[in-house]
Structures are given as C-alpha cells and as structure tokens.
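K.L.:
Have a look at this one before I ask anything.
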C-alpha cells in the first residue's frame, strides 16, 4: 500500500463558494478542455454522439434542492472534484504507488504509468471524485492543474487551475490553505468555510463556503420610512405640493 | 511505499495564441485560441476583453468540439428527394450560386417583394438588412420578433435603451439588484460576473422568476411569481412607493416627461406654436415650453384652458397607480405571492434608494447648461429578459419595469442602470420603417424602425400589410424587429400575398425556432394541386446539419466561427460597456477543411451577380472581394463604417474617419477588439449630459446632440389609441378597435395574458429555459455539452407531483389547447406551484445534427414548441387572433397553458416522434480521445 507524506510544505486547494455558484458548468468544461490536452491521457468520450455518451470528467456540478418548513425551497449548486485530502484514503489503498500525495504542495495525483486501473482508489474515495477513463483504463482525477500552476510558459496571472481562471461568477478560489494568512484561508475564516463530510476523517484541503441565509427580507413598515408619511398628511397631493416647494 | 515521480511542471501550452471572438452564444466574449501547428488545441477567455475579462462559460470552452462537430456541412447541397427527407447531392459553389442567381434575378426585375429573406441569430444584421434593402424586398428581418422585441422596443420607447446590449446594471456600485424573468443564458458571462461582484460585497439580489434555478438559485430572496403577472407585481411596487412618497421628484422633473401637460380632450400633450410640449411653471401658474430656462415645472397641478383642466403626466400616473386595484392585497393572489412579499420588497427598494444614496464628486453640466457639482445615485439596479417579455402583455410589462426604475431615479445614475453606447437613443433618433418597393429598385429606406404614430405603419391605403410578416400593421403596430415567426405560416397561406423564394440564414425554423413546429414542417412541405410546393423555393444557409437543412431546396454551407471574418459592429448589436465604446471582429484563426464559405462573403458574391447597388463597381465588377473587404471599406455614412476603431488613413481616428486598409490587422494585433473610454464627466446622465452628447457626436454615434426626456407617458401610443377611437385618416379595422384601445395605453398597464380564458381546462403554466451550457439547438452536436444536457425532463412542482401521484421514473402527457407532448417527469419544489418547465431546444429530430437516431435528444426529449400555436384557439367570433403581443407582435411563448396527466406505464419514448431525416454528413466517430498533435 502507499504511504502519505508526514506533512506537506503547502496545502494547495480550492475554496468553492456555494453562495455564488450558479451551476453553469464553466469549470467542468474548462477542466475537460485543459486536461484532455495536458496531464496524462486525454479524457475520453465513449459513444460521443450516440445513445449513451459516457465521458471522463475530473469535475462535475451537482444540483440539490433543499426544502424548508418555514421558507421557500432553495437550490444549491455543488461542484465536486478531488478535495486533495490530508488523510487521503485513495492514496493509502493504492497497491502500486501510482496514487500519491505530493510532499511539496499536497496535491494528490495519479502516476498513470504506474496505474494498473484496478479502481480501488475510486472505491476508497468517499466523495466519488475519481473516474476511470474507459478508453485508456487508467484512473483520472483532478490534478489541481499541476501543469498550469507552476508553468513558466504561462503568464504569471494564468498560473492557477483552469476551473478557477474560467469561473464567470468568481465562485472558485485557489491558494494555500495551510497558510492562515493566505487570501483563501481568510475567506474560509470569514465565511465559515466547511469540510465536506468531516466524519470520514479524510481531512480534505478543499473547503466549501456555505450559502448565506436565504429569504430573510423582513416584513417592513414602509410608512415608517416616510417623513412625514404622505397618507397621514392630507393625502398624496398635499405631500406632493409640500415636497415640490422644498426642491 | 511513497514514490513521487518527476513531473514536467512547465509543459509547452501551445505554439501560438490567436485572439478572436466567441460565437458559442450571442454574448460575444473574447477568446484565446491556443494553436498547435494549424490545429485548435484549447480555448480560454481573453483577460483583456471588455465583455468577459478572461472568464469563459461552458459553451465557450467547448468551442473546440463545435469546431470539430461531425454535423458540419461539407459542400453546397441541392435537394433531390422530397422536402423534409434530407436527400441531397453535393454540388459546386459555381452551380449553387448560378441556381440562386437564376431564382433571384427575375424576382428582382419583376417583383422584389417575392423574396422573403430572414436571418436568425446572426450578428451581421446591419449587413444583411443593407443587402435586402439593395435587393428591394420589404421582407427582411432577424429573429427579434420571436425573441425579445418587447424588451427592446419598450426600452427604446420609454427611455432610449433596454437591457443587455443596450445597457447594464452598475455592477460596481449597486447595493440592491432585482432580476426578473431571466433565462439562465442571458447575457451569459457579464451577468454571472456581475452577480459575483454583488455576492463578493454582500449586496442583496432578489430573483423574480417562477423557477428557482441558475441565477435565481443564488438570489438572496426569491419571488416564485405566476407567469404573466410580472407587470401587475411591478405596478404594485409602484403603488407602494408612490403611497410612501419614495420617488425622486427632482429627477422626474428634470429628466422625464412627468411635468408635461396632457390635453384633457385628446390625451396628447399641450404644445406651443413651435410644437414644444408645455409644462406648468409653479411660480407663475402659466403653461410654458418644457425647456424654458429658469422655470419650476409642476407635477401637482394642471392649467385651465377651454373650460377644462389639463393635468401633468405625473398626476395621471399617480391617480392610476395609487388606485386600490394595485394594492398588494389586490394583486397578491393573481401574482402568486403574498402581500408581505410585495411590501417588503418595496420597502427595501425605498430604503436602499433613498437611505443609501451614492454621491460621486464628479462635476457635470446638463443639456440646459446647468452645472452640477456631484453625481447622485440611487443604488438599485434591475435587469429583465424574456420571462417578462414573451407574453401577450410583455410590452406593457417591460414599460412598467422601466417606469419603476425611473420613478426612483435609478436610470443613468450611479448604482443604477446604465446605458452602453450607442445608447441612449430615443425613438425619434431611430429610423421609421420602410416598405415601398419597385421592380429593379432598392427599397426606399431601412426595413425596421420605430413608428411614432399611425402615419408610419407599413400598410396599403385599404389597410392591408405591405410585409409578408404583417409587421408594422394594425395587428402589431410597433413590431420593431419584424415577425419572423409568422413568415412561414403567412407565406403558406399566401396572406397577405404570395412569395416565391424563402431565404433563411442560421434560423432553425423547421424545429426549435418556430411555434407549432409540426405544422410548420407541414407548411414547408405543403403542395399545390399540381404537386408544386406552396412555398416555391427555399434557400438556406447554415454551418451544421440542422433540422431546417432538410427542408431547403438549396443549401449554402457556412463556416464555423473560427474560420471566418465577422464584425461586432456599432451599427448592429455592439459589445460596448457603460464606460466605453467598443467593437470587435472574428477572423479566420483556421482555414476550413471543407468546401464551405462564410455566408456574408457568399451574400456579397450573390449581390454582385445580381448587380445590386453598392455591391458592384461602375463597370459591373464585384465591389468587394469578400466580407473582410466590406468590413474595411463599406461606409454607411461618410466616415462611418462597420468598425469604429483605427479609422482614417493612418488609423488614428476613433468612430469617424476614412476607411483604413489596415484596420482588421490592427484589430488582430489588439486581441480582436477596440475600446474607447468615455470621459469621466460623461459617464452618467448620458441622455442629458452635455459632455456625453458632444463626445457621442465626435465619435459618430449621432450627427448632432440628441438630449431628450424619458417617456413615462408615451404619446405615440396615445396616437394609436386615438385612431382606434375613430380619430384621424388612418383607421384600424373594426375588429381590432377594442383591443387597440385597451393595449395601446400611453401609461403602463397590466392585463391578463390572452391565454387566460384557457385556464379552466388547462390550469397549469408551461415554460422553457435555455440551459447555461447550451445555446439554442447548437449544444447537442457538441460531445462535451450534450453530456451535461442530453434530454429534457419535465420539471413539475411538488403540488403537481402529489396531486397526480407521480413516482420516480414516470412519464407525463402534457396537453395544451393545441397539442400534446410526452416526457419523463422530475419533481422540483423550488418552482411556482402551478408551473411546469423543461429545457429549451435540447430535443432533436432523428437524423439531424449527426446524432445517433437513438440519441436521448430524440427519444427522451420534446420541444414545448409543439404545444404552442402561432394563433390563439378559436373564440367563436369568426376570427383567429395571433398568439402574440398586440403592440409589437412578439411571440407569446410564455403564455402557454397546459394540463398534465400521468402517462400509461411502460412509456419509454418521448412524443412526438417525427420521422428521421437523412443526414447529409457522414456518420460521426463512435469514441473520442482527442488530444491535438500539431
């Protein structure tokens, strides 16, 4: 079985804002495009124009409905990819060492040349964040765009994961969650960022910012905002006349 | 075992980046196309581009799969089987252009109106309209009539612009944002970016929409309104704000026609001898010209004349909306909301507008010459789209929304709604519509425009329409975008006259772009007794094997968006920002590998073969070698051409200037776009700001300053209403009088959608939305995007689900007064309880788009279009009324009423199930594992 590093020098990961994600799938396709063209084997699509298309994606968006007793139902869009766990069960279960966690930044990767496609890691991941590529028979997963974030062939501002660069709503943030002073760590602190399924003991690096409270607009007293309330002071025309005189 | 392999962390990304403009939807974002050799490897957003600032949606990033779509047409096609079958032979371009010329030349010489040329979602309407004008046919328009003309026309008439390409919320400053009836796609990336900005600073977003998905899912507050009642809801907000005195009187006096005096006898404005509208000066009590210097215009009192009191517009407005019929209690049931929701939203608008006022220390001077030392903003912004406009009360509803924004002083002020140049542009500054034609002659002027009274209708003396779509007739007086959705049915019925050739571009009229799709397919194939087709000839241009291709006699294959020149022009639907003038191009970042040509270049070639004015030189040779040559050298007015950047012989002119032969090269160097910032003092109050007006003249947007006031009261509407009351020479037919009197109201009014009488048998509303990851029918040919949306489940509310005992895996039969469809059902609680909905345009005809005939798009999907007739059900009055807005003719898609029942057990294929069309393109590859090698 494969060992995890004792610690990592950084904990690079994503902070995903569920208050802001509109569920547009921009991150899904940007990821598909970059990772088809880059790290390892292309992400294949079987029966691409047929009855049951089945492609490999490293990031998918799920939508959930939340019904509430005393307020309107909510819809939450939930993008999901590898969370680059500190205590990654997908790594420890790997029989060949193909699955590993990088000691320098904590990114969890699959070394495709060592992967035998046994699928144990996908079974071990409680988040369902890994996908076996049906054409190549190797395990695919989010690389956190390891071939972008340090890439000296890219302008510095583009050295971030493709999904973060493309997110139109700005709902995805990238940084070092091991550094409490980083922008992402501060965002997590400010907005009550959460671990996904902490009871699994996986210690995910990626964090989710919960939706802000919804449907809270209080029933107000519009008249109390008025000085003086037109209804109380000889009707609308009187109010109009007085106000016009003051202009 | 810990084995960390060495990685190449800096792989070469591409050989070259070519910057052009996306065309995966109408948003027109800038894209970086990464090339490996001569192949496209990867597409991302262009960080410098004003529209998207580097971000890109799912569609944009999937552009590579559209470019490589197996549905791409390969060569011109000539029909050899019956229409609709899809039996074609590939022919040469010489043969295709000879056929088209042989068909069109005699029409131009004898009866140019027998060509009906309509284009879909193309972005070259100023060019195709110019071509049609030169040909001489009055029958040209684009897709606005079935899209959102209510939104556009109501905005232009009320305040000189509307949403999307007309204007945008002040995303950086607004503190309260209300978004009404926006499908998930409009206006894709800028709205998402804007919402992201609001969310980042915790500004409140209120979504008013029957469906809580997409943008509405992240709204802080959701109003699950009943479809077709937005106008009533908005006017109730107006009622509350008026009642509380939470309106900006100073703004109304300065910048709107609120003080104009309305003649008690005619309902038209009192005017002086010079024709200037009059207002009452509070200091003297006299009626004086609205723009007389130094007056204090009154909103409260009228003047006595000829024994009558003539009140200002504002009094009419206040009297109407303060009436109890607009009180929250009176409207809440109809709107499907609670009175408390209306009150709370009105109070929040009032609080933010007046207690969180924004002040910018930016001096400016208004058109009256008055200097202001500050810019004062009411940081409430609104946005709306087809959800409120695609109803038979849509025009008046859109007017109501603009009224609400204007009453609180939140248009063209900081934090509110801002115009994007060349808007603001009031109706008077737009052309009138034209339709006078003669053999061998160009049309007498531009086809489309803004009528200011019955005198501008395009009708013959006996009242019959001049256009095949009956635009600008009494049936749809203000149909500013034409009525594309009526063309095929009118041509088939030969009403108002017979045409010969139907020429369509990029409009899937045989499928998702028509109401009543099955019947439209029958009309396209309808025959006379002698076996000839009722619509004699159909020419179609498309890049892909769409459903419409199968119905054409001649197909002119277009290129993909990466293989062509285009201009996103100020003459058309520009990409400007509130702070800047901007336009952009597409250029061929790759060459076509098929025998296809860009449609606009083909149209120029055809124009030259027909000898159309402006397209040939004096000796009859083609004037332009291709569309790029036209973009560079065509002048609409002296110094004004399709592109505004780098004009003049040296390329140093902005807006106005002589053609520059290097212009396109300069655009390419700059990343595909040009941007020119508006001076700081000209950034707000644009309709009234002297600095803006002067800047706009310098840039060629106007030829002289055009300050104007907003039309709370729309006098042209009153002119049509008066005609319906029997005044004037041009009189509507008697059967339309009552409807015109009711609907051409000069103040916004709500009336129930015309489908309301169907409610008894069809108690539910049915809607479609376009998903964020698809654009119309295009997404299904895209191997990546079709995995996100591959079929169209019918989403039903919890109430409907329980009432009908639906269970997971069930199918439903959805029936309208016109037809039925069968779809799988899915429960969704975040939905208006009386509403069902599904995704738009994902359903496909078998055989189209190079998909497997068993694809879920064909077997698990249906269009709501099958349920929607272009006419309302018969009412027993001997007439058939259009299923459209009576003001603009906009297709009333969202008026649809339905009933639902559980499909019998065992249902597994959607209905209707049309016969397959033969595919004119080869079968697609089965599997993809696409990695680009140079």
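Let's see how each residue does on (1) closer than 17 Å to residue A:160 by Cβ; (2) part of a strand (DSSP E or B); (3) in contact (Cβ under 8 Å) with a residue 24 or more places away in the chain:
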| position | (1), (2), (3) |
| --- | --- |
| A:6 | no, no, no |
| A:13 | yes, yes, yes |
| A:48 | no, no, no |
| A:63 | no, yes, yes |
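Residues are listed down the side, and each one gets a yes or a no for (1) free of Cβ contacts under 8 Å to residues at least 24 places away in the same chain; (2) more than 7 Å from chain A (Cβ to nearest Cβ); (3) closer than 30 Å to residue A:25 by Cα:
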position: B:217; (1), (2), (3): no, no, yes
position: B:220; (1), (2), (3): yes, no, yes
position: B:225; (1), (2), (3): no, yes, yes
position: B:232; (1), (2), (3): no, yes, no
position: B:236; (1), (2), (3): no, yes, no
position: B:241; (1), (2), (3): no, yes, no
position: B:251; (1), (2), (3): no, yes, no
position: B:256; (1), (2), (3): no, yes, no
position: B:268; (1), (2), (3): no, yes, no
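K.L.:
Could we say that residue B:767 is touching a strand residue (DSSP E or B) at 6+ places or on another chain (Cβ under 7 Å) and either in a loop (DSSP other than H, G, I, E, B) or under 30 Å from residue B:297 (Cβ atoms) (or both) here? Reasoning before the result, please.
P.N.:
Numbers: touching a strand residue (DSSP E or B) at 6+ places or on another chain (Cβ under 7 Å): yes; either in a loop (DSSP other than H, G, I, E, B) or under 30 Å from residue B:297 (Cβ atoms) (or both): no.
It is false that residue B:767 is touching a strand residue (DSSP E or B) at 6+ places or on another chain (Cβ under 7 Å) and either in a loop (DSSP other than H, G, I, E, B) or under 30 Å from residue B:297 (Cβ atoms) (or both).
K.L.:
Output yes when any residue across the range B:24-40 is more than 29 Å from residue B:676 (Cβ to Cβ) and without any contact (Cβ under 8 Å) to a residue 60 or more places away in the chain, and no when none is.
P.N.:
Within the range B:24-40, none of the residues are more than 29 Å from residue B:676 (Cβ to Cβ) and without any contact (Cβ under 8 Å) to a residue 60 or more places away in the chain.
K.L.:
If I ask for residues that are in a helix (DSSP H, G or I) and either modelled with pLDDT under 95 or within 30 Å of the chain's Cα centre (by Cα) (or both), which ones from the range B:618-677 would you list?
P.N.:
We begin by selecting, within the range B:618-677, every residue in a helix (DSSP H, G or I); these are B:627-633, B:663-669.
Once the filter is applied, which keeps residues that are in a helix (DSSP H, G or I) and either modelled with pLDDT under 95 or within 30 Å of the chain's Cα centre (by Cα) (or both), the range B:618-677 yields B:627, B:628, B:629, B:630, B:631, B:632, B:633, B:663, B:664, B:667, B:668.
K.L.:
Residues that are more than 11 Å from chain A (Cβ to nearest Cβ) and touching a residue at least 12 places away in the same chain (Cβ under 8 Å): find the helices (runs of 4 or more DSSP H) completely inside the range B:292-378 holding 3 or more of those.
P.N.:
Of the helices (runs of 4 or more DSSP H) lying wholly inside the range B:292-378, those with at least 3 residues that are more than 11 Å from chain A (Cβ to nearest Cβ) and touching a residue at least 12 places away in the same chain (Cβ under 8 Å) span B:313-321, B:328-335.
K.L.:
Now for a separate question. Within the range A:90-110, which residues are buried (at least 18 other Cβ atoms within 10 Å of the Cβ) and under 24 Å from the mean Cα position of the chain (by Cα)?
P.N.:
Of everything in the range A:90-110, those that are buried (at least 18 other Cβ atoms within 10 Å of the Cβ) and under 24 Å from the mean Cα position of the chain (by Cα) turn out to be A:90, A:91, A:99, A:100, A:101, A:102, A:105, A:106, A:107, A:108, A:109, A:110.
K.L.:
Now for a different question. So, in the range A:1-17, of the ones that are at the interface with chain B (Cβ under 9 Å from one of its Cβ atoms) and surrounded by fewer than 24 Cβ atoms within 10 Å (Cβ to Cβ), which residue ends up farthest from the chain's Cα centre (by Cα)? So that I can check it myself, show each step before the final result.
P.N.:
Here is the first cut: in the range A:1-17, the ones at the interface with chain B (Cβ under 9 Å from one of its Cβ atoms) are A:1-5, A:17.
So of that shortlist, the ones also surrounded by fewer than 24 Cβ atoms within 10 Å (Cβ to Cβ) come out as A:1-5.
Values: A:1: 29, A:2: 27, A:3: 27, A:4: 24, A:5: 24 Å.
Within the range A:1-17, the match that is farthest from the chain's Cα centre (by Cα) is A:1.
K.L.:
Taking the criterion of being in contact with a helix residue (DSSP H, G or I) (Cβ under 9 Å, 6 or more places away or on another chain), in a strand (DSSP E or B) and at pLDDT 95 or above, would at least one residue in the range B:863-878 satisfy it?
P.N.:
No, the range B:863-878 contains no residue that is in contact with a helix residue (DSSP H, G or I) (Cβ under 9 Å, 6 or more places away or on another chain), in a strand (DSSP E or B) and at pLDDT 95 or above.
K.L.:
Condition (residue is in a strand (DSSP E or B) and under 19 Å from the mean Cα position of the chain (by Cα)) applied to the range A:82-89: is it met by at least one residue?
P.N.:
For the range A:82-89, residues in a strand (DSSP E or B) and under 19 Å from the mean Cα position of the chain (by Cα): absent.
K.L.:
Follow-up question, since we're still on this one. Quick test of your reading of the structure: residue A:34 fulfils all but one of (1) more than 9 Å from chain B (Cβ to nearest Cβ); (2) in a helix (DSSP H, G or I). Name the failing condition by number.
P.N.:
(1)
K.L.:
Taking only pairs six or more apart or across chains, which ones have beta-carbon atoms under 9 Å, a first residue in the range B:876-900 that is free of Cβ contacts under 8 Å to residues at least 12 places away in the same chain, and a second residue that is assigned to a loop (DSSP other than H, G, I, E, B) and surrounded by 24 or more Cβ atoms within 10 Å (Cβ to Cβ)?
P.N.:
none
K.L.:
Sticking with this one: Looking only at the range B:450-473, filter to residues that are on the phi > 0 side of the Ramachandran plot and out of contact with any helix residue (DSSP H, G or I) (no Cβ under 7 Å at 6 or more places or on another chain); which one of those is surrounded by the most Cβ atoms within 10 Å (Cβ to Cβ)?
P.N.:
B:472
K.L.:
Here is a further query. Considering B:82, B:70, which residue is closer than 30 Å to residue B:98 by Cα, facing chain A (nearest Cβ under 7 Å), more than 26 Å from the chain's Cα centre (by Cα) and touching a residue at least 60 places away in the same chain (Cβ under 8 Å)? Don't jump to the end; show me each part of the working.
P.N.:
Working: B:82 fails: facing chain A (nearest Cβ under 7 Å).
The conditions single out B:70.
Per-residue answers, yes or no, for (1) more than 21 Å from the chain's Cα centre (by Cα); (2) closer than 16 Å to residue B:26 by Cα; (3) free of Cβ contacts under 8 Å to residues at least 40 places away in the same chain; (4) surrounded by fewer than 24 Cβ atoms within 10 Å (Cβ to Cβ):
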position: B:545; (1), (2), (3), (4): yes, no, no, no
position: B:552; (1), (2), (3), (4): yes, no, no, no
position: B:555; (1), (2), (3), (4): yes, no, no, no
position: B:562; (1), (2), (3), (4): yes, yes, no, no
position: B:567; (1), (2), (3), (4): no, yes, no, no
position: B:575; (1), (2), (3), (4): no, yes, no, no
position: B:579; (1), (2), (3), (4): yes, no, no, yes
position: B:585; (1), (2), (3), (4): no, yes, no, no
position: B:588; (1), (2), (3), (4): yes, no, yes, yes
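K.L.:
Step by step: first the residues of the range B:732-755, then only those that are in contact (Cβ under 8 Å) with a residue 24 or more places away in the chain and surrounded by fewer than 16 Cβ atoms within 10 Å (Cβ to Cβ), then the one that is nearest to residue B:868 (Cα to Cα). Which residue is that?
P.N.:
B:735
K.L.:
Further, regarding this structure: Say whether the condition of being within 18 Å of the chain's Cα centre (by Cα) and farther than 19 Å from residue A:130 by Cα is met by at least one residue in the range A:33-41.
P.N.:
No, there is no match, as no residue in the range A:33-41 is within 18 Å of the chain's Cα centre (by Cα) and farther than 19 Å from residue A:130 by Cα.
K.L.:
Okay, moving on. For residue B:917, are the conditions met, namely being in a loop (DSSP other than H, G, I, E, B) and within 14 Å of another protein chain (Cβ to nearest Cβ)?
P.N.:
Criteria not met by residue B:917.
K.L.:
Inspect the range A:59-73 for any residue being over 20 Å from residue A:207 (Cα atoms), within 7 Å of another protein chain (Cβ to nearest Cβ) and in contact with a helix residue (DSSP H, G or I) (Cβ under 9 Å, 6 or more places away or on another chain) and give the result as yes or no.
P.N.:
Yes, the range A:59-73 contains a residue that is over 20 Å from residue A:207 (Cα atoms), within 7 Å of another protein chain (Cβ to nearest Cβ) and in contact with a helix residue (DSSP H, G or I) (Cβ under 9 Å, 6 or more places away or on another chain).
K.L.:
From the list B:33, B:13, B:55, B:51, which one is on the phi < 0 side of the Ramachandran plot, in a strand (DSSP E or B) and either more than 12 Å from chain A (Cβ to nearest Cβ) or crowded, with 16+ Cβ neighbours inside 10 Å (or both)?
P.N.:
Only one candidate qualifies: B:33.
K.L.:
Among the residues that make up the range A:18-25, is at least one of them more than 8 Å from chain B (Cβ to nearest Cβ) and either in contact with a strand residue (DSSP E or B) (Cβ under 7 Å, 6 or more places away or on another chain) or in a strand (DSSP E or B) (or both)?
P.N.:
yes
K.L.:
Still on this structure: Select from the range B:16-30 the residues that are assigned to a strand (DSSP E or B) and surrounded by fewer than 23 Cβ atoms within 10 Å (Cβ to Cβ) and write down the one among them that is nearest to the other protein chains (Cβ to nearest Cβ).
P.N.:
B:17
K.L.:
For the subset of the range B:840-862 comprising residues that are out of contact with any helix residue (DSSP H, G or I) (no Cβ under 9 Å at 6 or more places or on another chain) and surrounded by fewer than 23 Cβ atoms within 10 Å (Cβ to Cβ), which member is nearest to residue A:52 (Cα to Cα)?
P.N.:
So the residue we want is B:854.
K.L.:
Determine whether the range B:284-291 contains at least one residue that is closer than 19 Å to residue B:747 by Cβ and under 39 Å from the mean Cα position of the chain (by Cα).
P.N.:
Yes - at least one qualifying residue is present in the range B:284-291.
K.L.:
Further, regarding this structure: Which condition number in (1) crowded, with 22+ Cβ neighbours inside 10 Å; (2) touching a residue at least 60 places away in the same chain (Cβ under 8 Å); (3) in a loop (DSSP other than H, G, I, E, B) is the one that residue B:535 fails?
P.N.:
(2)
The values are calculated or read from the model by the stated rules, or taken from the named source; none is laboratory data. All values reported here derive from a predicted model rather than from experimental measurement. Methodologically, a virtual Cβ is constructed for each residue, glycine included, from the backbone with ideal geometry; neighbour enumeration extends over all protein chains shown.
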